[in-house]
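Everything on this sheet refers to the single structure shown next.
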């Protein structure tokens, strides 16, 4: 069973929840608009990084299964540039808060970690043995 | 002062990228090895790699953003 699209969908849902919280904070506390604005731009950048990573993983998995040599790399430079673009737009152009932007960028990887650990523990609770029949 | 800012940015991003390169190499080599050995486990291996790579790459991306922002101030 392919769990990656399901995990990506849940991570995107949490990122949209963070975005809605940022919009709410932007509207309710006008004095902290630079914090909430930076956080929202960081969350958008982190979500783009997660989508790009999942796309690269699927492409590499396809090429490995079909026996071909992967033509492109892992795309770390692209993801780093997405993060840099989010930081530059937020801090240099719109003059939002830097710490809030960085927090927004790492929100998606942290959500991925928490959701992945939860799904792994649920799977090991429901199935005490793995595919080979060995107990964990 | 500017040369120290450039040096600090280079050290921050260089050390972050060094650790991320080693971590990414380990994760993807084991993932590709596992998929080629057992293609039916591709879904769970890709999910594990997604979690690991997302965490490993978070630090150099943050260090790159901080380095460029502090360097350009």
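Where a number appears in this text, it was derived from the coordinates with a stated rule and is not lab data. Not measured: the values here are computed from a predicted model. Glycine also receives a Cβ, built like all others from the backbone with ideal geometry; neighbour counts cover every protein chain displayed.
Which value, in nm² and rounded to one decimal, describes the direction-averaged projected area of the C-alpha convex hull of the stretch A:1-58? One quarter of the hull surface, i.e. the mean projection, equals 3.7 nm². How far, in degrees from 0 to 90, does helix B:42-71 lean away from the longest principal axis of the Cα atoms of chain B, to the nearest 10? That helix lies at roughly 0 degrees to the long axis.
Considering every alpha-carbon pair of chain A, the percent of pairs per 10 Å bin, from zero through the bin containing the longest distance, is 12, 32, 29, 18, 8, 2. Kindly identify the stretch A:38-110 as rounded, prolate or oblate by the Cα gyration tensor criterion: order the square roots of the eigenvalues as a ≥ b ≥ c, call it rounded if a/c is under 1.5, otherwise compare a/b with b/c, prolate if a/b is larger, else oblate. It comes out prolate by the Cα gyration axes. With the simple model of a label 7 Å out from the Cα in the direction of the Cβ, residue A:117 to residue A:28 spans 2.7 nm.
Model label points for residue B:26 and residue A:65, set 7 angstrom from Cα along the Cα-to-Cβ axis, are 2.8 nm apart.
The Stokes-Einstein estimate for the stretch A:46-86, based on a Kirkwood radius over Cα pairs and taken at 4 °C with 1.567 mPa s viscosity, is a diffusion coefficient of 120 µm²/s. Relative to the longest principal axis of the Cα atoms of chain A, helix A:4-28 runs at roughly 10 degrees. Here the residues B:70, A:18, B:50, ranked from fewest to most Cβ neighbours within 10 Å of their Cβ, fall in the order B:70, A:18, B:50. The reciprocal of the average 1/r between distinct C-alpha atoms defines the Kirkwood hydrodynamic radius, which for chain B equals 13.7 Å.
Principal-axis analysis of the Cα atoms of chain A puts helix A:76-87 at an angle of about 20° to the longest axis.
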